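Engineer: Sharing a structure with you now.
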């Protein structure tokens, strides 16, 4: 089994994890004619067919916690979207530089931790019933540090095995995803997981050209190698590109320099749209499972004076006036 059995052959995804929080603020989104719509309606009309949602383990997390994600996943399913549940196995952000073990698991023995990972994964999978589940987020160097760090006596593989086993037992037809940041080293990373006997279906990687290089040929070659050399489905789990180098709040943005741009892709609506279209073409040509845009909803929703606002509003798929960008059309 490599993905849920349905009529979708190619997934055009959108990570909408910020949307429940954004809805708490008095902002609205509109099309180029000024017609206001809920963001999920925009996404559906634009050809998006998969919603990715991150889940943090903290018992006190209001946003990206269980209560919010369970409810929002059900709403997304009611809209007709497939759901990719992204388990961070952390109380906060997990990425190559941050993989903090959940607070309530910090003092557990290895045996009890492995059981806790199994029980947690089985429970949330059984409740949410996602079509896809991601066991860890950008786990280049392991997860749940320091216990699950990649060089800590094999615990990384043991934790991944437990998570994958739990997801499979909770929902037999689920597509299990492992996720790596970038392309450098990702083939050897996934091969090591295969050699360790970890049961997963989809090898996914993040692609941000300002961090991972500007060569779309390398993206295509990596997608091909995942399928031909490893026998796994390939998926671009995260990508984004700016439509401006400006900003709309007092929070520093991740990207804001000309030197961070890819040749041929200016920081304009046209450039953002072209980038997404090219990723779409590359993924379809290489027979990948699909791609997922990250941060498309992360506008400066806390206001233009916020110092704790968005670091990503110039890479969102809505402009500074919350009007849909041309880039939304690239999903069709």
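The values are calculated or read from the model by the stated rules, or taken from the named source; none is laboratory data. It should be emphasised that the depicted structure is a prediction, and the values quoted were computed from it without experimental measurement. Reconstructed Cβ throughout: ideal geometry from the backbone, glycine too, with neighbour counts over all protein chains shown.
Engineer: When the residues of region 35-56 are filtered to those that are in contact with a strand residue (DSSP E or B) (Cβ under 8 Å, 6 or more places away or on another chain) and part of a loop (DSSP other than H, G, I, E, B), which remaining residue is nearest to residue 329 (Cα to Cα)?
Structural biologist: 47
Engineer: For region 166-182, which residues satisfy the criterion of being within 15 Å of residue 139 (Cβ to Cβ) and surrounded by fewer than 22 Cβ atoms within 10 Å (Cβ to Cβ)?
Structural biologist: The one that is within 15 Å of residue 139 (Cβ to Cβ) and surrounded by fewer than 22 Cβ atoms within 10 Å (Cβ to Cβ): 182.
Engineer: Looking at region 273-298 only, could you name the residues that are part of a helix (DSSP H, G or I), buried (at least 16 other Cβ atoms within 10 Å of the Cβ) and touching a strand residue (DSSP E or B) at 6+ places or on another chain (Cβ under 9 Å)?
Structural biologist: 275, 276, 279, 280, 282, 283 - these are the residues of region 273-298 that are part of a helix (DSSP H, G or I), buried (at least 16 other Cβ atoms within 10 Å of the Cβ) and touching a strand residue (DSSP E or B) at 6+ places or on another chain (Cβ under 9 Å).
Engineer: Among the residues of region 299-332 satisfying the criterion of being under 17 Å from the mean Cα position of the chain (by Cα) and surrounded by fewer than 23 Cβ atoms within 10 Å (Cβ to Cβ), which is farthest from residue 133 (Cα to Cα)?
Structural biologist: 311
Engineer: For region 28-83, what are the residues that are in contact with a helix residue (DSSP H, G or I) (Cβ under 9 Å, 6 or more places away or on another chain) and on the phi > 0 side of the Ramachandran plot?
Structural biologist: Those that are in contact with a helix residue (DSSP H, G or I) (Cβ under 9 Å, 6 or more places away or on another chain) and on the phi > 0 side of the Ramachandran plot: 47, 64, 80.
Engineer: Now for a different question. Of the numbered conditions (1) at pLDDT below 95; (2) within 24 Å of residue 327 (Cα to Cα); (3) surrounded by fewer than 14 Cβ atoms within 10 Å (Cβ to Cβ), residue 60 satisfies every one except a single condition; which is it?
Structural biologist: Only one criterion in (1) at pLDDT below 95; (2) within 24 Å of residue 327 (Cα to Cα); (3) surrounded by fewer than 14 Cβ atoms within 10 Å (Cβ to Cβ) is unmet by residue 60, namely (2).
Engineer: Residue by residue through region 1-34, note down the ones that are outside any helix (DSSP H, G or I), modelled with pLDDT of 95 or more, within 20 Å of the chain's Cα centre (by Cα) and buried (at least 16 other Cβ atoms within 10 Å of the Cβ).
Structural biologist: 11, 12, 13, 14, 15, 16, 17, 18
Engineer: Here's something else I'd like to know. Kindly establish whether residue 270 is outside any loop (DSSP other than H, G, I, E, B) and either more than 22 Å from residue 16 (Cα to Cα) or over 20 Å from the mean Cα position of the chain (by Cα) (or both).
Structural biologist: Details: outside any loop (DSSP other than H, G, I, E, B): yes; either more than 22 Å from residue 16 (Cα to Cα) or over 20 Å from the mean Cα position of the chain (by Cα) (or both): yes.
The answer is yes for residue 270.
Each row is one residue, and each column tells you yes or no for (1) crowded, with 18+ Cβ neighbours inside 10 Å; (2) out of contact with any strand residue (DSSP E or B) (no Cβ under 6 Å at 6 or more places or on another chain).
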{"position": "201", "(1), (2)": "yes, no"}
{"position": "206", "(1), (2)": "yes, no"}
{"position": "218", "(1), (2)": "no, yes"}
{"position": "222", "(1), (2)": "yes, yes"}
{"position": "226", "(1), (2)": "yes, no"}
{"position": "229", "(1), (2)": "no, yes"}
{"position": "232", "(1), (2)": "yes, no"}
{"position": "237", "(1), (2)": "yes, no"}
